[in-house]
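**Q** Okay, handing you the structure first.
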Amino acid sequence: MIAIGSDHGGFALKQEIMAHLEKRGLEYKDYGTYSEESCDYPVYGRAVAKAVAAGECERGIIICGTGIGISITANKVPGIRAALCGDCFSAKATREHNDANILALGARVTGPGLALQIVDTFLDTPFSGDERHMRRISMIEE
Ligand code: RB5
C-alpha cells in the first residue's frame, strides 16, 4: 500500500499520480488534500509520514508546490527518510543508498511527465542492502 498526500499546490499532480498507480495496479491510500482550496502542507506531510512510520503503508508519495515544505515536515517523523527528487538519477540513488521510504515532488518545479517517471523509478528500485549504506542509514537516527 502506498500512502499519498499533497497540499493544494500538489493537488493536480497527485490526481495524475493516483491515475498512474491505478493503471499499474498498485494500491494507494489518499491522505488528502481533496481540493485545490488553500491548505497547510504540514498536515498532509505528517499524515503520510505517520502512516509509513507505523507500517500501515510501505511507501509514501508527498507533493507540494516545491516539495520542500512537505519533505521537511515528513523528515521530522522518526523512521522517515523522505527524498525530494527532481530527476530519475536521484530517485534511483535514494532507494539504493538511503532506502528512502517517502518520495517528495515539487509540482511547480517538475512537470507531470517527468514526475511519473520519477515515481516509477522510486517504486521499482530496491534498496541495495550494502553494509556501508545500512551503517549510514542507522547513523541518521542516532
Ligand atoms: C504553497 O503556496 C507552497 O508554499 C507550498 O506548496 C510548498 O511549496 C511549500 O514548501
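**Q** For a quick check: with amide H placed at 1.01 Å from N, whose amide H comes under 5 Å from Tyr28's, ignoring anything fewer than 5 positions away on the same chain?
**A** When sequence neighbours closer than 5 places are left aside, the close amide H contacts are Ile2.
**Q** A further question follows. Rounded, prolate or oblate for region 50-107? Axes are the square roots of the Cα gyration tensor eigenvalues, ordered a ≥ b ≥ c, and the cut-off for rounded is a/c under 1.5.
**A** Oblate, because a/c is 1.5 or more while a/b does not exceed b/c.
**Q** Oh, and also: What FRET efficiency do you get for Met18 and Phe127 if R0 is 30 Å and r is their Cβ-Cβ distance, rounded to the nearest 0.05?
**A** Efficiency computed from Cβ-Cβ geometry: 0.75.
**Q** Please list the non-local residues whose amide H lies under 5 Å from the amide H of Ile61, H modeled 1.01 Å from N, same-chain partners needing a gap of 5 or more.
**A** HN-HN under 5 Å from Ile61: Ala3, Ile4, Gly5, Leu103.
**Q** Can you tell me the relative contact order of region 1-130? Whole percent, Cα pairs under 8 Å, sequence separation 6 or more.
**A** For region 1-130, the relative contact order is 26 percent.
**Q** Relative to the compact-globule scaling 2.2 N^0.38 Å, provide the ratio for the alpha-carbon radius of gyration of the chain.
**A** Against the empirical 2.2 N^0.38 Å value, I get 0.96 for the chain.
**Q** Over the chain, how many pairs of lysines fall under 15 Å by alpha carbon, counting only those 8 or more apart in sequence or from different chains?
**A** So the count works out to 4.
**Q** Can you order the peptides 32-39, 89-96 by their average number of other Cβ atoms within 10 Å per residue, highest first?
**A** 89-96, 32-39
**Q** On to the next question. Pulled fully out, how much extra length does the chain show between Met139 and Ser35, if you take 0.36 nm times their separation in residues and subtract their Cα-Cα distance?
**A** 33.6 nm
**Q** How much length would be gained if the chain were fully extended between Leu26 and Cys88, taking 0.36 nm per residue of separation minus their Cα-Cα distance, in nm to one decimal?
**A** Gain on stretching Leu26 to Cys88: 20.3 nm.
**Q** Here's another thing I want to ask about it. Only Cα pairs under 8 Å and at least 6 apart count here; give the relative contact order of region 37-91 as a rounded whole percent.
**A** 34
**Q** Divide by every residue of the chain the summed helix terms, -39500 (n - 2.57) for each DSSP H run of at least 4, and state the resulting mean residue ellipticity at 222 nm, rounded to the nearest 500 deg cm²/dmol.
**A** -14500 deg cm²/dmol
Any read-out appearing in this document is the output of simple, stated calculations on the displayed coordinates, not a laboratory observation. In this text, all values refer to a predicted model and were calculated from it rather than measured experimentally. Using ideal geometry, Cβ is built from the backbone for each residue, glycine included, and neighbour counts are taken over all protein chains shown.
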